[in-house]
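K.L.:
Got a structure here, written out as structure tokens. Questions coming.
The values are calculated or read from the model by the stated rules, or taken from the named source; none is laboratory data. This structure is a prediction, so every number in the text was calculated from the model and none was measured. As a convention, Cβ positions derive from the backbone with ideal geometry for all residues, glycine included, and neighbour counts pool all protein chains shown. These accessible areas exclude ligands, DNA and RNA; they are computed on the full protein's heavy atoms, side chains included. Shrake-Rupley method; radii C 1.70, N 1.55, O 1.52, S 1.80 Å.
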Amino acid sequence: MSAPAAREAEPREPEPLHAEPLHAELQDGAVLRGLLVRAANPGRLVLLRTPYGASRHLPEARSWAAAGWTAAVLDVRGRYSSDGVWDPYAREGRDGAEALVALTAQGLGGSGILLAGSSYGAHCALETSLAWGRAPGVVGVVAMVPALGRWETAHAADGTPHIRDRIGWWAEHGFGRRSEPGLQTSELDRLTALAEREGPEAVFDDERWRALWSSPRVPPAERYGNAVHPLLAVGGDADFFADHTRELEAAWGGPVSSLWGPWGHTLAGGLPPGHPDREALRPAGGLMGVVRRWARNPARTVRLRAEGGRLITTEGHR
């Protein structure tokens, strides 16, 4: 009895939501690297840039791809896999706009580009929007609990310095290519006391740290008044950047929508399981489900608020 004929191997389907390497070369030759997760119909692109390592954002990228947006996650200049020197808040607008040029040259984002991020990533998205201006392609910006810039992260809206918080962040993320373990409480106490005694500039002997404290405040209307892209600002009542988020909403020159709730800097995921306002977001697919629903039609302005166990919607924010 003869052996059955060998069957020709059928071509394998690509792994669903597979992450592939991504690079974007900037005008000075530096290369930003990260990951790309393609949607089934990859015309729309969401760009996420991060100082925390692209792989950390892979679940978020896959959720965007599952919703129909090809997701590009790039490490910012000087962090993790990207070239260059890390200088927080120094040139994210220029780098972001040049990265968009490189990505569109690779055939990405032909049906529209969304700039999105939280905290430092929101700063990247906002600054890229301002640098991109009226050039075609960008359809909207999502800024979640945004860290707007040097002055805004170092100070409350009333000018009170955020000394302890900034020492902690910069010690962990501000100087090296990769993040370091957080400071022990005793060391954070010691450095905070030093800053209060001798001034915050005395804490770290680094020009980038000194620039944080010497940078002037730019009035929000001056900084954001010429913005043109639709914005979704996601703020938390308990977030230490809440007042700056409200200033961003008021100053942004393009159409503005908002989503607010009782959460802090970790968004709705930081609320206790079963919290009524966390549950209020569940029918829409959670907070990110609400964000992606807005992204389908960014020009429609809406005010959203999770409160009292309900998601309250008011049309026509601004």
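K.L.:
Enter the mean projected area of the convex hull around the alpha-carbon atoms of the range 171-236, in nm², rounded to one decimal.
P.N.:
Mean projected area of the Cα convex hull: 7.4 nm².
K.L.:
To continue, here is another question. Taking the Cβ of Arg177 as the center, what net charge do the other residues with Cβ under 14 Å away carry, scoring Lys and Arg +1 and Asp and Glu -1?
P.N.:
Surrounding charge for Arg177 is 0.
K.L.:
Taking only the alpha carbons of the chain, what extent do you get along each of the three principal axes, in Å, biggest first?
P.N.:
For the chain, the Cα spread along each principal axis is 91, 45, 42 Å.
K.L.:
Also, quick follow-up: For the chain, what proportion of DSSP beta bridges, expressed in % and rounded to the nearest 5, is antiparallel?
P.N.:
40 percent
K.L.:
Once phi is turned into ³J(HN,Hα) by the Karplus curve 6.51 cos²θ - 1.76 cosθ + 1.60 with θ = phi - 60°, what whole-Hz value does each residue of the range 38-53 show in order, with x for glycine and proline?
P.N.:
My calculation for the range 38-53 gives 8, 7, 4, 10, x, x, 8, 10, 10, 9, 10, 10, 8, x, 9, x Hz in order.
K.L.:
How many times 2.2 N^0.38 Å is the alpha carbon radius of gyration of the range 73-222? Could you put the intermediate results ahead of the total?
P.N.:
On the way: Rg = 17.0 Å, N = 150, 2.2 N^0.38 = 14.8 Å.
Compared with the compact-globule rule of thumb, the range 73-222 sits at 1.15.
K.L.:
Show the residues, 5+ positions off or on another chain, whose built amide H is closer than 5 Å to the amide H of Val138.
P.N.:
Under 5 Å from the amide H of Val138 lie the amide H atoms of Ile113, each far enough along the sequence or on another chain.
K.L.:
Could you tell me which of rounded, prolate or oblate describes the range 42-138, using a ≥ b ≥ c as the square roots of the eigenvalues of the alpha-carbon gyration tensor, with rounded for a/c under 1.5 and, failing that, prolate when a/b is larger than b/c and oblate otherwise?
P.N.:
Verdict is oblate for the range 42-138.
K.L.:
Counting only protein heavy atoms, what percent of the accessible surface of the chain is carbon or sulfur at a 1.4 Å probe? Show your work: numbers first, answer last.
P.N.:
Working: 7580 of 14800 Å².
So the carbon and sulfur contribution to the accessible surface is 51 percent.
K.L.:
Rounded, prolate or oblate: pick one for the range 193-274, where a ≥ b ≥ c are the square roots of the eigenvalues of its C-alpha gyration tensor, a/c under 1.5 means rounded, and failing that, prolate if a/b is larger than b/c, else oblate.
P.N.:
Verdict is oblate for the range 193-274.
K.L.:
Running a GNM on the chain with Cα contacts under 10 Å, which residue among Ser186, Ser214, Ser55 ends up with the highest mean-square fluctuation?
P.N.:
Per the Cα network of the chain with a 10 Å cutoff, Ser186 tops the list.
K.L.:
With everything on Cα atoms, drop me the angle between helix 120-132 and the longest principal axis of the chain, reported from 0 to 90° to the nearest 10.
P.N.:
80 degrees
K.L.:
Same structure again: DSSP beta bridges in the range 105-251, what fraction antiparallel, as a percent rounded to 5?
P.N.:
10 percent
K.L.:
Considering only protein heavy atoms, with the full assembly of protein chains and a 1.4 angstrom probe, order Val290, Val228 by accessible area, largest first.
P.N.:
Val228, Val290
K.L.:
What whole-number value in Å² describes the accessible area per residue of the chain for a 1.4 Å probe?
P.N.:
Accessible area per residue: 47 Å².
K.L.:
Rounded if a/c is under 1.5, else prolate if a/b is larger than b/c, else oblate: which is the range 226-269, with a ≥ b ≥ c the root eigenvalues of its Cα gyration tensor?
P.N.:
Here the range 226-269 falls in the prolate category.
K.L.:
Something else: Which residues' amide hydrogens lie under 5 Å from the amide hydrogen of Trp263, considering only partners 5 or more residues apart or on another chain, with H built in the peptide plane?
P.N.:
It is Asp237, Ala238, by chain and number.
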